[in-house]
1. Which percent of the accessible heavy-atom area of segment 263-319 goes to carbon and sulfur, probe 1.4 angstrom?
2. Ranking request for peptides 262-268, 95-101, 355-361: highest mean number of other beta-carbon atoms within 10 Å first, then the rest in descending order.
3. Along segment 66-77, what does the Karplus equation 6.51 cos²θ - 1.76 cosθ + 1.60 (θ = phi - 60°) give for ³J(HN,Hα), rounded to whole Hz, x for Gly and Pro?
4. Under a 5 Å amide H to amide H cut-off, with H placed in plane at 1.01 Å, what residues pair with Y123 once short-range neighbours are removed?
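The values are calculated or read from the model by the stated rules, or taken from the named source; none is laboratory data. Owing to the predicted nature of the structure, the values given are computational and were not obtained by experimental measurement. FYI the Cβ positions are ideal-geometry reconstructions off the backbone, even for glycines, and counts take in every protein chain you see. Heads up: the accessible areas ignore ligands, DNA and RNA and are worked out on the full protein's heavy atoms, side chains in. Shrake-Rupley method; radii C 1.70, N 1.55, O 1.52, S 1.80 Å.
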Amino acid sequence: MIKEITLVRKSPLATAILSFILIFAFQNYSYASNNKISNDTIGFNTYKGKIIDSKTKKILVFASLTVNETNISTITNTQGKFLLKVPKKYETQNVTISFLGYTSKVISLSSLAQKKTIKLETYIEELSEVKISVKDAQSLILEVLKRKGKNYLNELTTMTAFYRETIKKRRTYISLSEAVVEINKQSYTNSKKDILKLYKSRKKTDYTKLDTIAFKLRGGPFNSIYIDIIKNPALFFSKDMIEFYDFTFDTSTKIDNRPIYVVNFKQKPHVKSPLFYGKFYIDAQSLALTNAKFQLNLDNKVKASRVFIVKKPKGAKVYPIEAEYQIDYRVKDGRWYYGYSRIQLGFKINWDKRLFNTVYHTTIEMAVTNWEKNSTKKLFKPKDRLRSSVIISEKASGFSDAEFWGEYNIIEPEKPIESAIKKIKKQLKKLKAN
């Protein structure tokens, strides 16, 4: 018999972070059939490379590449590598490469095809000269929220995004899921929720590493759009919640050659419930939030576990050991929009009658790779809509077709992920042979 234990949030942020299903059972050593899709690769060019610091040679993680005069974009992975697919009709265009604290670089796509390594220069102007035009950091945050109608997309758009989730048991990848997702992105002044549609997906799971416990992530791509702070401010920093935080200014910086205010935030000492701490990056000209990096306070592990968990396995204690979040916005024609988000979570399961504990880590990331205005105002049909309770790995199958994505942009896989895929493929072949 399979016993399901759903771990969900009890706090007002219930839909914001994540919920999980722990399934205890003897695993069936099965495998998904390959889902091969033939793609016409004639209509686009593929560009690959790496982005580094010009002086230190340090790789630049999550640097942004955008094809000028289009909405096509991608980001670098944790090894600084990128993969960019561009329709041939745009092959004479330039691409802008940007990273927080660096001077943006604009190069032609033809040059990008020749250069395997792109070097960015750190911004050298005295950052202290960026004047702060607001009286205090908290007032600045309130002004950011007040201006969302002016600074962010104010009409319905349809976005294409690449989504990836990985699950590791200790240091070993045991599950990999990827998807191309379409999003009916509502106006930032519209209280209606964004609507998602699964276009393509694939997965691999190494069942031999799961033993008698499976860890499944519920919510899939919805987890990524929930942390769109500007679209969902009430989940994070409503006017009432603002009073629970201390805000202070940090050293200013630049992105896309624009001055950026940096604001630190953390919960006030008298606030006992676990809240967030981290940094906001705010455009000094428009007062739009451009980036946010934050974590959940896990100092009190018992209270922090209640943020995620309603029910847990009998004879086990489950604690979060990592909860990190990042969201990046992009700008076009003076309007900002959700571009990329990343969530990293870790959980430790201590068993009453076992000597060793079980540790799981999951990374969820999604990058918008293209978008267009939805002038027809048509939304995805109800039967095609992705549910917020979806387990993406149960909607996907296969991981063997190298041309699966065709012209769709993805985040370049990292070496550990590539190695995990190869190992999982070998294991599945053995299982099939038996």
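1. 52 percent
2. Details: 262-268: 17.4, 95-101: 20.6, 355-361: 14.1.
Going by the mean number of other Cβ atoms within 10 Å, highest first, we get 95-101, 262-268, 355-361.
3. Using θ = phi - 60°, the values come out as 10, 6, 4, 6, 9, 10, 7, 7, 7, 9, 7, 8 Hz.
4. Here the answer is Y102, T103, since their amide H atoms fall under 5 Å of that of Y123.
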